[in-house]
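Working notes, beginning with the structure itself.
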């Protein structure tokens, strides 16, 4: 059976260029394969995002202000894959990631912006200005926002996708060093700035199929087995597979202190920054369970009838033909490839394709070369995951042709006179061969002539 499967696989891949679009995700050496793109989105929000923009006010004034406000607390994760189902049985489900579909964004905090502009003309000269200006005592950017994209699923041990952002720093301490360093001409100070930093990461842990009915996929190149459904222990005409990824979000909130020392000697200033001193405030983890996407997998479903082909008695050298009906009750195209039939039987050698929900008839021939009963098995390989091979019995009987008849010339009998010796009255047969001529010959000839004339008149 191994060589037959290898022959089938090589033939199918050469003969079916329509599978080219699925070759990127379909594993090698498969009988059937269905690939379909799917996308999942997850959003976690602490509260609704608030955006406010006054626009330029007053609208008709040469001097205008614009104020914007953004308050957000949300995380978004988008992933895309290509669920791929392949067989021979059992069905194998893979869900490779789709390039460029991974997306992670994290937006938490407050951002306030103030803009100023004017446009005036004085003594024929125009003056224009527009820029963002500081708001006293209020940090304009108290918001941690980041976004990134990636290609694969990022199963462990791969590094997770991560975004990081820091708020605008706030000065906590700014003191001079004159009281500490009593040297004439030497001054300086100590400044300590602080900001908040939010690091958000996401990693896929598994891909769950069929609500746990089958094993999870826990690696990029892994796969899961889809068991048959229902009590009939087969896959049938199609299979609906619910698929969803599961992962984890990790939030790390830190408070950073950035001290800076500086010295002022005469007219020169020397700045000595100190390494950032982070203080972790929180480390929170959140499970991510995406909604199911139902992947519809059309399958072929074969039935070949009859399974026993009786040709009966056939003369040696003659050919008898019987029909096989190949029915496809599935939703995908069915392919059937017959193994070379044992002599003296003959079956189709080309690939037979049957569209979904239809049937096709093919001829099987019996050509006996000698007398006697003959039997054999015809194997058909199919792309039906339930029935990868079908066995058909062939039987017939060869008969010798009859010898041709050489033929014999009929004797012509003439009657003898009853009174002659050896005649009928004497008890003998009274017959002569056509070569003898007796008195009854003219009478017989005359009777034949009269009958012929009467027959012609009737015509």
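Rule-based calculations on the coordinates, nothing more; no lab input. None of the values given here were measured: they were computed from a predicted structure. Cβ sites come from the backbone with ideal geometry, for glycine too, and all protein chains shown count toward neighbours.
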> If the viscosity is 0.890 mPa s and the temperature 25 °C, what Stokes-Einstein diffusion coefficient in µm²/s follows for the stretch 268-350 when Rh is the Kirkwood radius over Cα pairs?
Replying inline: 116
>> Compute the distance from the alpha-carbon center of the stretch 51-96 to that of the stretch 365-407, in whole Å.
In response: 68
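Can you tell me the relative contact order of the stretch 31-298? Whole percent, Cα pairs under 8 Å, sequence separation 6 or more.
Numbers: 675 pairs, mean separation 43.2, N = 268.
With pairs under 8 Å counted, the relative contact order is 16 percent.
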>> Just want the ordering: 321, 85, 387, from fewest to most Cβ atoms lying within 10 Å of their own Cβ.
In response: 321, 387, 85
> Calculated FRET efficiency, residue 401 and residue 363, Cβ-Cβ r, R0 25 Å, to nearest 0.05?
Replying inline: 0.60
> Using every alpha carbon pair in the stretch 302-399, what percent of pairs falls into each 10 Å bin from 0 up to the bin containing the largest distance?
Replying inline: 16, 48, 25, 10, 1
> Ranked highest first by average number of other Cβ atoms within 10 Å, how do 239-249, 108-118, 54-64, 88-98 line up?
Replying inline: 88-98, 239-249, 108-118, 54-64
> What do you get when you divide the Cα radius of gyration of the stretch 33-158 by 2.2 N^0.38 Å, with N the number of residues?
Replying inline: 1.79
> Where in the stretch 277-305 is the amide nitrogen less than 20 Å from a point lying 7 Å along the Cα-to-Cβ axis of residue 240?
Replying inline: 290-301
> Could you give the distance between the Cα centres of the stretch 255-272 and the stretch 290-361, to the whole Å?
Replying inline: 86
> Taking the Cα atoms of the stretch 31-298 alone, what are Rg (to one decimal) and Dmax (as a whole number) in Å?
Replying inline: 28.3, 98
